[in-house]
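Here the structure is laid out as structure tokens; the discussion comes afterwards.
None of the figures in this text is laboratory data; all of them are computed from the coordinates on show. The structure displayed is predicted, hence computed values, not measured ones. So basically every Cβ, Gly included, is an ideal-geometry build from the backbone, and we count neighbours across all protein chains shown.
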């Protein structure tokens with residue numbers, strides 16, 4: 001079985017225009033040094049080809065070449081440093097495309113592959129220089145089409161609308177097996193963090209433990225920069241300093257997931273550095289946990305992430321009212337959005353090859369209905385700023401987020417990351433037993 005060939009076949013059955021996908025660009029870190037390269041997920045999804053400087057063209061109307069891969073030319077001097085590049089013949093054979101050329105032939109060949117298509121799927125605005133090449137090619141095809149009284153391109157549409165991202169949104173059994181492995185690796189890292197964290201250690205030491213386990217277990221890279229946020233740093237949603245020394249009595253919020261075979265995991269756990277929650281920490285934690293578990297229990301085909309978000313909001317607002325961190329009526333709080341002071345973000349996002357995966361959240365101006373095979377996060381959170389003088393001191397600087405990766409099944413859901421402890425007693429036991 002060739003998953004890439006199967007995906008290409010499925011895409012052709014859906015696609016109503018030509019599709020042009022650029023490889024991810026190389027990113028320069030500083031003089032003479034690049035960041036680690038990671039291929040654009042769309043290109044990898046359809047080919048498995050992971051080199052920069054390439055372009056994939058899908059041409060449903062072409063009589064022979066439906067999938068065409070343009071790649072970099074061989075360069076003996078560069079290959080001494082970066083390794084061998086395939087020839088077009090080798091790329092065609094290895095990756096199963098119908099034709100392959102060097103990228104310097106793109107302007108010559110692209111007109112042929114856009115011909116006969118009224119709609120071109122391409123993301124204008126990501127690369128201005130390449131945009132000009134695409135628009136010139138479209139202009140040439142239009143000119144030929146008008147003169148010959150044939151179909152010519154009349155619109156350029158974003159790739160999101162091509163059907164490709166709808167395919168990626170619903171995971172196959174092969175993809176889900178990979179995501180379960182990613183979840184297993186991520187579990188091991190979070191467990192180690194709970195066991196190793198202690199007053200006096202620095203956030204970066206826990207970050208290092210997480211990354212080491214990811215790599216030891218075969219993960220090529222992190223799915224995103226880990227958030228290891230102690231004490232007041234946990235109230236910063238995307239904190240990335242990781243330089244603070246952890247203190248007794250604080251919480252440690254860790255948002256970290258590995259990438260395994262191009263698929264992400266995304267998990268957040270919050271736990272006490274000293275191994276036991278304070279009373280105030282436990283009250284906030286219980287509110288977030290109740291919201292998260294209620295949201296997970298509501299997952300089934302036919303619902304949507306907006307409805308799930310409303311469940312989280314209702315429970316967290318009620319909890320904050322009981323703790324007197326919010327005042328007023330529930331309806332007033334919703335109308336004025338005063339809850340955003342403590343609950344500023346949405347509850348869910350798609351996850352797959354990208355940690356914030358592709359796929360529209362609204363279809364025909366309505367929330368997208370969940371279907372079996374979709375995977376998304378559920379991650380409610382409450383954050384009380386350390387300088388919030390309107391709340392009792394015991395709550396200041398508390399940040400709690402709990403996140404799992406949820407698969408929609410035919411009968412409900414599967415929590416892919418359920419094995420990572422999150423019940424308070426379980427967390428305290430894991431922390432305590434390691435000491």
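The figures follow:
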{"item": "Protection proxy ranking, peptides 117-123, 166-172, average beta carbon neighbours within 10 Å, highest first", "result": "117-123, 166-172"}
{"item": "Helix-derived mean residue ellipticity, 222 nm - over the chain, DSSP H n ≥ 4, -39500 (n - 2.57), to 500", "result": "-11500 deg cm²/dmol"}
{"item": "Per-peptide average of other Cβ atoms within 10 Å, ordering 295-306, 49-60 highest first", "result": "49-60, 295-306"}
{"item": "The stretch 202-341: Rg to Rh, with Rh as the Kirkwood radius over Cα pairs", "result": "1.02"}
{"item": "Degrees between helix 203-216 axis and first principal axis of the chain (Cα, 0 to 90, nearest 10)", "result": "50 degrees"}
{"item": "Point-to-point label distance, residue 75-residue 124, nm (Cα→Cβ direction, 7 Å offset)", "result": "3.0 nm"}
{"item": "Ordering of 71-82, 201-212, 344-355 by packing [mean C-beta count within 10 Å, highest first]", "result": "344-355, 201-212, 71-82"}
{"item": "Kirkwood Rh (inverse of mean 1/r, distinct Cα pairs), the stretch 3-166, angstrom", "result": "16.5 Å"}
{"item": "Cβ-Cβ FRET estimate between residue 387 and residue 89, R0 fixed at 56 Å, reported to 0.05", "result": "0.30"}
{"item": "Label-point separation in nm, residue 133 to residue 161, each point 7 Å along Cα→Cβ", "result": "2.5 nm"}
{"item": "Reduced Cα scattering model of the chain, Debye log10 I(q)/I(0), q = 0.10, 0.11 Å⁻¹", "result": "-0.80, -0.93"}
